[in-house]
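To keep things clear, I will list the structure first and then write my remarks on it.
The values are calculated or read from the model by the stated rules, or taken from the named source; none is laboratory data. Note that this is a predicted model, so its numbers are computed, not measured. Cβ placement follows ideal geometry from the backbone for every residue including glycine, while neighbour counts extend to all protein chains displayed. The area values use the complete protein model at the heavy-atom level, side chains included, leaving out ligands, DNA and RNA. Shrake-Rupley method; radii C 1.70, N 1.55, O 1.52, S 1.80 Å.
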Amino acid sequence: MPAVKTAYLCQQCGASSPKWSGQCPSCAAWNTLVETIAAPRAPSRPSSAARSVAGSAAVSPIGVITSAEAARLTSGLGEVDRVLGGGFVPGSIILIGGDPGIGKSTLLLQLAARVAAGGGRALYVTAEESAAQVRGRAERIGGVVDGLDLAATTELETALAAIESVSPALAVVDSVQTLTSPDLAGPAGSVGQVREVAARLAELAKAGQTCIALVGHVTKEGTVAGPRTLEHLVDAVIYLEGERLGSTRLLRAAKNRFGSTDEVGVLEMRGDGLAEVEDASRFFLESEEAPSAGSAVTIALEGTRPLAVEIQALSASTSYGSPRRATTGIDANRVLMLIAVLARHAGLNLSGHDVYVNVAGGLRIDEPAADLAVATALASSLRDRPVRRGVVLAGEVALSGRLRSAVRADRRLLEAGRLGFGTLVTGPARGERGRTAPSGMVVASTIREALEHVLEG
Ligand code: TYD
Ligand code: MG
């Protein structure tokens, strides 16, 4: 029997009950009770003596407090630092989430090795693989370095003790789903266990100077352990994304107490681990050869970073039945809408054609500014006319066939120029009628007008 008293806490209303049941006895919500450790509650009204002691310990003039910025620990990979907001913050805890097999363990072992090689101490706690397995991977990625320690355990207490005794600059815990506290009855990976593991590690991080990076597998529902279970316990949530079979990996922050959540890091999985790509902006361009029909380039804005991305479309006569529409990297409904707009406002009828749209390089684009490039790639394929050389497109297409400028078109124009594209085609910006467009920017007011301008022949 566990010695610690446990209780069941409702994730919805916060009520606590001594027994588990399917429905919360307090708010009647279903499946919201989660096993937790029933800690003795601090008295809600401390005596005046206690208050003054606590007060003197917690209050200091803002001028004497050192900011977290000063002490950032560089991860050794610029793309990771960018997403973290400048590096690891001592005394913080971050969650690195991602699909199984995407490369979380590889990335964190690399970061731990780089921190160690840079003179900081690093500890890698593995609860998923044996120390020998981790050592094998370290050999492959050049991670056998002084200052990097391994600990293999699935017990939370052992992991906590290891971190406390080494007191490293960076501690990696792989993974939150495989460590367990014997105080809770639930199995490893259950919501109660995951919460307890994260909460205890967060407590430890906050008490010292160690930055703890916690690995979490994303479940089919797209979260690490039930919605909002971990997000509020950690300082930052960073997802490693990508197609498993492709080599591109994107790093994005979903929450970051120490930086922006707009930044994206671009990495490539190689034989010796994850590497920074040389010119990330150029990375999603498929080729530098003469443009072929069915291809159009847009400058997407991922956070504050512009990325040149090739959109590929293929239309082929439907042999039988209703036409197929398949997309990768872009919302299928958005493509259906663009097909309808092309039919109605540009005289391009795709109703007898199968249509495939693909975003090159495994990137996923969600911004409406990609519309114009998608519509152009479709038109280019149907008419078998390539887009003129040196042209990129960024703009939103309305149901009326009218165009609207992409947000931060000037930033995109700059990047287009840097990559050797002479012309950015976009739509009119709101409230800027009559303003002359900067050199290199072509403003078209409708999709028909844009296509006349950009398609060859
Ligand atoms: P892994 O880090 O184990 O994924 P996760 O911890 O997210 O489950 O990475 C697994 C994949 O990465 C595996 O299929 C092999 C591949 N890989 C490489 O391509 N290059 C490498 O250098 C390493 C170590 C792994
Ligand atoms: Mg792993």
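To the nearest 20 debye, what is the magnitude of the charge dipole of the chain about its Cα centre, counting +1 on the Cβ of each Lys and Arg and -1 on the Cβ of each Asp and Glu?
Working: 45 positive and 47 negative charges, 261 e Å.
Roughly 1260 debye, rounded to the nearest 20.
Quick one: which residues, 5+ away or cross-chain, put their amide H under 5 Å from the amide H of Arg121? H built at 1.01 Å from N.
Under 5 Å from the amide H of Arg121 lie the amide H atoms of Ala169, Leu170, each far enough along the sequence or on another chain.
Keeping every protein chain in place, order Met441, Met269 by accessible area at 1.4 Å, biggest value first, i.e. largest first.
Most to least solvent-accessible, the answer reads Met269, Met441.
Take every DSSP beta bridge with both residues inside region 283-454 and express the antiparallel ones as a percent of the total, to the nearest 5.
On the way: 19 of 32 bridges.
Here the share of antiparallel DSSP bridges comes out near 60 percent.
Please state the relative contact order of the chain as a whole percent: Cα pairs under 8 Å, 6+ residues apart? List each step's numbers first, then the result.
Numbers: 976 pairs, mean separation 51.6, N = 457.
Rounded, it is 11 percent for the chain.
What value, in deg cm²/dmol to 500, does the helix sum -39500 (n - 2.57) over DSSP H runs of n ≥ 4 give at 222 nm once divided by the residues of the chain?
Working: 11 runs with 119 residues, N = 457.
One gets -8000 deg cm²/dmol as the mean residue ellipticity at 222 nm.
Please report, as a whole percent, how much of the solvent-accessible surface of the chain comes from carbon and sulfur atoms (probe radius 1.4 Å). Intermediate values should be presented prior to the final figure.
Numbers: 11260 of 21980 Å².
Answer for the chain: carbon and sulfur cover 51 percent of the accessible area.
Based on the alpha-carbon gyration tensor of region 71-278 and its eigenvalue square roots a ≥ b ≥ c, which shape applies: rounded if a/c is under 1.5, prolate if not and a/b is larger than b/c, or oblate?
Working: a/c = 1.29, a/b = 1.16, b/c = 1.12.
Taking the square roots of the gyration eigenvalues as a ≥ b ≥ c, region 71-278 is rounded.
Quote the Stokes-Einstein diffusion coefficient, in whole µm² s⁻¹, for the chain, based on the Kirkwood radius over alpha carbon pairs, a temperature of 25 °C and a viscosity of 0.890 mPa s. Write out the running numbers ahead of the final one.
On the way: Rh = 25.1 Å.
Stokes-Einstein gives a translational diffusion coefficient of 98 µm²/s.
What longest region of the chain stays clear of chymotrypsin sites (Phe, Trp or Tyr not before Pro) that DSSP places outside H, G, I, E and B and that have at most 16 other Cβ atoms within 10 Å?
Numbers: sites that count: Trp20, Tyr320.
That gives 21-319 as the longest site-free run.
In whole Hz, with x marking every Gly and Pro, tabulate ³J(HN,Hα) for region 258-269 from phi via Karplus 6.51 cos²θ - 1.76 cosθ + 1.60, θ = phi - 60°.
10, x, 7, 9, 8, 6, 10, x, 10, 10, 10, 7
I want the antiparallel fraction of DSSP beta bridges within the chain, as a percent rounded to 5.
Values: 44 of 83 bridges.
Of the beta bridges lying entirely in the chain, close to 55 percent run antiparallel.
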